[in-house]
Ligand SMILES: [Zn+2]
């Protein structure tokens, strides 16, 4: 999971969403009225999906697992718990079918004392404040209660394809950095930089970049040649500035 920027809505679409919310309020806010209105809202949903695809990590990846194609509009706070947020743009994220339908469903753990959401919202939170990725194993370590809840609900350490995928992606990222450094033609270098920027498991690339905050750690994990390439990439390409 990496932090994402949510753009403002076009006023026309914002007005459509407001009208839909007013309809749910008039019908009596409930899971049934929220879901019924959402099912019928084909046009705004198509526009929302387009915006979410543009802000998703990599090539339209799931905003939770970062691995699969993001196919579903997920209601961060589920319709069953907040029907009046069915059409709230701040409540929409792009998820893969597995994260949405098999993992999260209507689960939305809250802090028992405050009632605040425990799941990490990549548009509001920096996931790195709550989750530490061990690049050598591909496993996440929770730094906070919210990190723990997010790992548990999405199965970030339970799904072998995710853990192994992140570990192998670390090897790919190191190889890509060296190949980028060695590329002679600018167009060739750009292909490798684009691959690093758009590859799935964007959390691995972000964790590698984050290592630069501690030189001894970066040197120990990456080695001098990969670290030199990483430094050069971060200094010359704004997509990797940290
Ligand atoms: Zn997913």
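The values are calculated or read from the model by the stated rules, or taken from the named source; none is laboratory data. As the structure is a prediction and not an experimental result, all values here were calculated from the model. Note that we place each Cβ from the backbone using ideal geometry, even for glycine, and neighbour counts take in every protein chain shown.
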Quiz item: What is the one condition in (1) outside any helix (DSSP H, G or I); (2) modelled with pLDDT of 95 or more that residue 58 does not satisfy?
Solution: (2)
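Quick grid of which residues meet (1) within 18 Å of residue 101 (Cβ to Cβ); (2) within 16 Å of the ligand (Cβ to nearest atom):
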{"position": "34", "(1), (2)": "yes, no"}
{"position": "40", "(1), (2)": "no, no"}
{"position": "50", "(1), (2)": "no, no"}
{"position": "53", "(1), (2)": "no, yes"}
{"position": "58", "(1), (2)": "no, yes"}
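May I ask you to list the residues in the range 61-79 that are out of contact with any strand residue (DSSP E or B) (no Cβ under 9 Å at 6 or more places or on another chain) and either at pLDDT below 95 or within 13 Å of the ligand (Cβ to nearest atom) (or both)?
Listed by number, the list holds a single entry, 66.
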Quiz prompt | Where residue 100 falls short, out of the listed (1) in a loop (DSSP other than H, G, I, E, B); (2) within 15 Å of the ligand (Cβ to nearest atom); (3) within 20 Å of residue 161 (Cβ to Cβ) | solution = (1)
Quiz item: Does residue 37 count as touching a helix residue (DSSP H, G or I) at 6+ places or on another chain (Cβ under 9 Å), in the same structural domain as residue 95 (by TED's automatic domain parsing) and in contact (Cβ under 8 Å) with a residue 60 or more places away in the chain?
Solution: no
Self-check item: Tally of residues being surrounded by fewer than 21 Cβ atoms within 10 Å (Cβ to Cβ) and either outside the structural domain of residue 75 (by TED's automatic domain parsing) or within 15 Å of the ligand (Cβ to nearest atom) (or both) across the range 88-97
Solution: 1
Self-check item: Residue in the range 68-81 that is surrounded by fewer than 18 Cβ atoms within 10 Å (Cβ to Cβ) and more than 19 Å from the chain's Cα centre (by Cα) present
Solution: yes
Quiz item: Of the numbered conditions (1) within 16 Å of the ligand (Cβ to nearest atom); (2) in contact (Cβ under 8 Å) with a residue 60 or more places away in the chain, residue 125 satisfies every one except a single condition; which is it?
Solution: (1)
Practice problem: Taking the options 7, 57, name whichever one is within 25 Å of residue 201 (Cα to Cα), crowded, with 19+ Cβ neighbours inside 10 Å and touching a residue at least 24 places away in the same chain (Cβ under 8 Å). | Solution: 57
